[in-house]
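No value in this document is a laboratory result; all are computed from the given coordinates. Predicted, not measured: the structure shown is a model, and the values here were computed from it. Cβ sites come from the backbone with ideal geometry, for glycine too, and all protein chains shown count toward neighbours.
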Amino acid sequence: MNLSFLPADMNWRCQSCGATLQPGMVELHYLGNVFRVELPVCPSCSAVLISEELATGRMLEIEQLLEDK
Amino acid sequence: MDQQELRAWEARCIQEEPPGCRAGCPLGVDGRAFARTVAEGEMAAARAILEKSMPLTGIVARLCEAPCEQYCLRQALGGAVALGELERACVAAAPSQGKILRLPPRPKKVVVVGGGPSSLSLAFDLGKKGYPVTLFHSGEHPGGWLNRLPEQVLPAAVLEEELARLQDLGVSFLPMSQLSPQLYQEAEGCYLGQDDALPGAITSLLRQPDHLTFALPQTGWFSGGTSDEDDRFRFISDISQGREAAISLDRFLQGASLTASRVALRHGRTELFTRTDQVTPRQRILPADPRGYSRGEALQEASRCLDCQCLECVRHCQYLQAFGAYPKVYARRIYNNSAIVRGNHQANTLINSCSLCRQCETLCPNDFSMADLCLEARQTMVREERMPPSAHWFALEEMRSARSEGALRRHAPGTTNSRALFFPGCQLAGTRPEQTLALYERLRELEPETGIWLDCCAAPAHWAGSTTEFAAILEQLETGWSEMGRPRLITACSSCLQIFRQHLPTVPVESAWVVLAAHPQAATGTPRPALALSDPCTSRDDPQTQAAVRTILARLDQALAPLAMSGEQTECCGFGGLMESANPKLARQVAAARVAQTEAEILTYCAMCRDQLARAGRPVSYLLDLLLPEQALPAATAPVTISARRSQRRQLKAELLARYAPQEGPAPAPWEALKLNISEPVAVMMEERRILEDDLRQLLYLADQKRLKESIDPTDPAKTRGSCFIHPESGARIASARLGQVTFWVEYQQEAGVYRIERCWSHRMVIQGGRP
Ligand code: SF4
Ligand code: SF4
Ligand code: SF4
Ligand SMILES: [Zn+2]
């Protein structure tokens, strides 16, 4: 997984900082594996938004693959 | 599991043993596959099956006296399947499919003296293996007495065709007159076929060959074809002797042992078990034309084959069916799975999906226990840290919750001692709190000094293969029981009962149903139309509890509808062994298959079975619905959601605690008060994604503006608990937080103090370099 997962609608604001989310590189870790992906991130506090589509799609797939399920 | 243990497992499953016909065929012809193929009308394919094991198929299929039929399981059910007649019909209908494959030529030459059936059979096998064979025959043509058979028994053209095929395999035919002693004395291997007229010089050299290897005392010499002329199976015995001698000759020429790991003829011996008690007898078809079956007759006769197999366990277990094979194959898959250190563990799902219900063990003629096999494999996986973290995660969280926020252990209010201790089990407490209380009241009427113990028996840890956690909980349970003065335990759950009995044998424990059955006044209620009683799988070895339930029902005048797999043979609902956790789809299939076994309304006495079976969309009652008319729930009641199971456990605990001192008990967590608005589709989504209302409330609580700001730690993003985003146009919010092993997300609208949940999701991956 070495990709960009920016949602079509990037108009989300970090509630604590008030900043609009920007594309940013993030590491996702699972069972000793690391994936670098581009996701919406708060430029001020680095909060990351993971969409439903990503979590229940690609991410779930990879989790299960890594689990040998 | 090591190699040796694998062999032991494999040996227990006899599904791969040959059926009687194959075991009774000296050539090992697969009569079962042959009959099936003939029944399908596929004569060419059926001939191909014969050719796999049969030398000289055109001849052997026509002449074999079918000793296999003596061992056919159909024998007592209308007569053996007429494999001999069917073989004749098959080769008459389907010509041979051309050439036979020959291995690359080998240097060592074989001399065969005699042209009878045994010699032809030996020449066929050795020719195929690449040996150049020179065969000396009596008379004008090879074949010996085969040349004297009437045309309708063995057409001359067929004999000729088979001889031509032998020549293709590198066999040369020479008349006996050309045989010189030098030829057979100098041959590297020699066979003397006694089923043909042999010259006197040869017969004088003949001694009794060894009955297994057909070796003569002279090195490199073998002999067969010794059957008496009036032997019932003369022809096929000689063919078989030729084949056995060929095996010996091949081994001899390769310098190998004649006997080492040689497979002996079975003479019908087999371990295969095939159930026949449901089979209706059908008479053997006699051919209208004495020359043999018509095509129609052959198809009909072949359809009498029982397709002998065991599969006793597979026939009844959805799980065993789902993976496409049978336990012997599964044992190997599981072994291979653990043998692979890295890489694809294909059998993980196989290992984690078994409900550990042990029905297979009860049905198997050899007590093969898939449950033991899978449980042991799970324990190994956990020990070696190969268990997929998500496989049993939810069930284990559920157990931990029941053991903490849902747990309670007290003497009855106003007493300081417990003569008995009611342990309802976490599932009953979570799904039917009112009934749990009412049952407790009834037990206290029988014994006022009955304490209460809300907890989980640790079955999930055991089923998940987590031996360390299981052992630790057992120890805590034993301590808890000691602290209560070591009273006798009464449980309403068959799983708890089983765990206590098997793993804490010092703790006296009995079923609540046994207690109620012993007190006629305590087991009252209203009967309903006939119910199909589904025993929980964990009651399999507990005839006492099973009988007690039936006693109670008889007292209520409750009629029972038959349910095939009951009592000792009962089936799992799909929850057992954490199947529901590791393979929810299969668990639903299991429940559906179970309820499909009856038209009647189902009755269970396991709270988990009740909800699991009800998920299949059929009315299912729980025993307490009959015994406690005031607390009865309709049989159509929907299964309790995972969220409600937790909150109901907490409520039950609070309600019990209130009986002691109104203020006692833990203050509810601050997030518990948050008000959610959850639509039906969202509730379904939460159930499927295993997301609890509790999880959402915690997220929403953390997402509160002020708390969020306070929790942000710029020096260590990992310490930050949650995050929240707002969509400026729609006003939608998304909150998230890591709770344990999982990061949860919720999208919602906040309106007048209520959170309207739009959707929620989760993942197990951990975010770094940013933060949730
Ligand atoms: S019941 Fe199942 S495990 Fe036992 S021998 Fe038959 S196929 Fe094998
Ligand atoms: S019933 Fe069929 S499979 Fe069974 S022994 Fe007879 S021919 Fe073979
Ligand atoms: S689910 Fe039950 S019957 Fe099926 S393999 Fe497992 S223990 Fe045996
Ligand atoms: Zn921010």
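Structural remarks
- Under Karplus coefficients 6.51, -1.76 and 1.60, residue-wise ³J(HN,Hα) of the stretch B:263-274 in Hz, glycine/proline x: 7, 6, 4, 8, 6, x, 5, 7, 8, 4, 10, 9
- The long axis of helix B:393-403 is offset from the longest Cα principal axis of chain B by roughly 40 degrees.
- Convex hull (Cα only) mean projected area of the stretch B:90-190, reported in nm² to one decimal: 6.7
- When DSSP beta bridges are restricted to pairs lying wholly in the protein assembly as shown, around 50% turn out antiparallel.
- Ellipsoid equivalent to the stretch B:360-411 - semi-axes via the Cα gyration tensor, in Å: 30, 19, 9
- Leading residue at positive end of dipole, the protein assembly as shown (Cβ point charges), from B:Ser418, B:Leu516, B:Gly144: B:Ser418
- Sparse-neighbourhood loop sites, GluC sites (Glu not before Pro) in the stretch B:655-703 - DSSP loop, at most 14 other Cβ within 10 angstrom: B:Glu664
- Lysine pairs within the protein assembly as shown, Cα separation less than 22 Å, 8 or more sequence positions apart or different chains: 15
- 18 Å tail of the calculated P(r), the stretch A:2-67, as % of Cα pairs: 38
- Percent antiparallel among DSSP beta bridges (both partners in the stretch B:110-253, rounded to 5): 5
- Model label points for B:Ala471 and B:Ala76, set 7 angstrom from Cα along the Cα-to-Cβ axis, are 5.0 nm apart.
- Shape metrics for chain B, restricted to C-alpha atoms - Rg then Dmax, Å: 36.6, 116
- Taking every Cα-Cα distance in the stretch B:393-652 and sorting them into 10 Å bins starting at zero, the pair-distance distribution P(r) comes out as 7, 32, 39, 19, 2 percent.
- Computed from point charges on the beta carbon alone (+1 for Lys and Arg, -1 for Asp and Glu), the dipole magnitude for the stretch B:1-126 about its Cα centre is near 580 Debye.
- At R0 = 60 Å, FRET efficiency that the Cβ-Cβ distance of B:His141 and B:Gln4 yields, to 0.05: 0.65
- Cα-based Kirkwood hydrodynamic radius, the stretch B:594-674, one decimal, Å: 14.9
- Taken one residue at a time, the phi angles of the stretch B:46-56 give Karplus couplings (6.51, -1.76, 1.60, θ = phi - 60°) of 5, 5, 4, 5, 4, 5, 4, 10, 9, x, 6 Hz. Gly and Pro are set to x.
- Lys, Arg +1 and Asp, Glu -1 on Cβ, resulting dipole of the stretch B:384-534 about Cα centre, debye, nearest 20: 420
- Total charge dipole magnitude, the protein assembly as shown, about the Cα centre, Cβ charges on Lys, Arg, Asp, Glu only, Debye to nearest 20: 980
- Helix axis angle, B:156-168 relative to chain B longest principal axis, alpha carbon, degrees: 80
- Rg and Dmax of the protein assembly as shown, based on Cα coordinates, read 37.0, 116 Å.
- No disulfide-compatible partner, judged by a Cβ distance under 4.7 Å, exists for the following cysteines of chain B: B:Cys13, B:Cys64, B:Cys72, B:Cys90, B:Cys190, B:Cys305, B:Cys308, B:Cys310, B:Cys317, B:Cys364, B:Cys724, B:Cys760.
- Estimated Rh, the stretch B:18-153: Kirkwood, alpha-carbon pairs, angstrom: 16.2
- Share of Cα-Cα pairs in the stretch B:110-253 lying beyond 22 Å, as whole percent: 30
- Listed values for the stretch B:367-377 are Karplus-derived 3J(HN,Hα) couplings in whole Hz (6.51 cos²θ - 1.76 cosθ + 1.60, θ = phi - 60°), namely 6, 5, 10, 4, 4, 4, 4, 6, 5, 4, 5, and x replaces Gly and Pro.
- Gyration tensor over alpha-carbon atoms, the stretch B:312-383, equivalent ellipsoid semi-axes in Å: 21, 12, 10
- Dipole axis of the protein assembly as shown (+1 Lys, Arg; -1 Asp, Glu on Cβ), positive-most option in B:Ala45, B:Gly189, B:Ser762: B:Ser762
- In whole percents, the pair-distance distribution calculated for the stretch B:427-482 from its alpha-carbon pairs, binned every 5 Å from zero, is 4, 17, 19, 17, 19, 14, 7, 3.
- Positive-end residue, chain B charge dipole about Cα centroid, Cβ charges, pick of B:Ala703, B:Leu396, B:Thr551: B:Ala703
- Near B:Leu739, the amide H atoms lying under 5 Å from its own belong to B:Phe744; only residues 5 or more places off or on other chains count, and H is placed 1.01 Å from N.
- Degrees between helix B:83-93 axis and first principal axis of chain B (Cα, 0 to 90, nearest 10): 70
- Helical contribution to [θ] at 222 nm, DSSP H n ≥ 4, -39,500 (n - 2.57), averaged over chain B, rounded to 500: -12000 deg cm²/dmol
- Put simply, the amide H of B:Leu174, placed in the peptide plane, has neighbours under 5 Å in B:Leu135, B:Phe136, B:His137, leaving out anything fewer than 5 places away on its chain.
- Nonlocal amide H pairs with B:Val509, under 5 Å, H built at 1.01 Å: B:Leu489
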